[in-house]
Amino acid sequence: MATPDWEAIESAYRAGSLSIRAIGEKYGVSHVGINKRANKEGWQRDLTDKVKSATKAKVSKSVTSAGYQKEVVTDEDIIEQASDEAVAVVLAHRQGLAAWRGITNKLRLFLEDAEITEDNHASMSRSITAGVDAQIKVIKAEREAYNIDSGEKNSSTDTLSDLMDSLSKG
């Protein structure tokens, strides 16, 4: 039989978070043996209140499994949590916009290579207009996502969009 880890047993005893029987089961020692050793060496279960207090403080800072946060201690904690969530949203938007940029570029490349004939010029015109509109929207969204222009209108893309609209109607 292995020698009990009396140091760990003493720590568990003094912490007071487990019953003496539970400590005995955990370390393979009888509760009577633990009590004898504790009395002989003068162990005190004096840390119980401190452990409870520390546990309560940690729980109040932690998110429970249901997702509710009991208490956020400081403004910094609130700011940190909110900014982490905002960063995740912005980065996801940027990834999505990069994917859309790739799609609009594929459409542009396809249309560059496509032959415009008398039979397909109407559908090609609609495709070109749709491609330009998609590209303009992606550019605008990317500029917003990357804080470029600070919300100012980009007159060149607006003019290009207006020009394409007028070409498709005329």
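Please treat every number below as a calculation from the coordinates, not as lab data. Please read all numbers here as calculations on a predicted model, not as lab measurements. Cβ sites come from the backbone with ideal geometry, for glycine too, and all protein chains shown count toward neighbours.
If you go through the stretch 20-41 and keep only what is touching a residue at least 12 places away in the same chain (Cβ under 8 Å) and under 21 Å from T55 (Cβ atoms), you end up with I20, I23, K26. Specify the residue that is surrounded by the fewest Cβ atoms within 10 Å (Cβ to Cβ); the eligible residues are those in the stretch 102-134 that are of a type in the set (K, R) and touching a residue at least 12 places away in the same chain (Cβ under 8 Å). Restricting to residues being of a type in the set (K, R) and touching a residue at least 12 places away in the same chain (Cβ under 8 Å), the top hit is R126.
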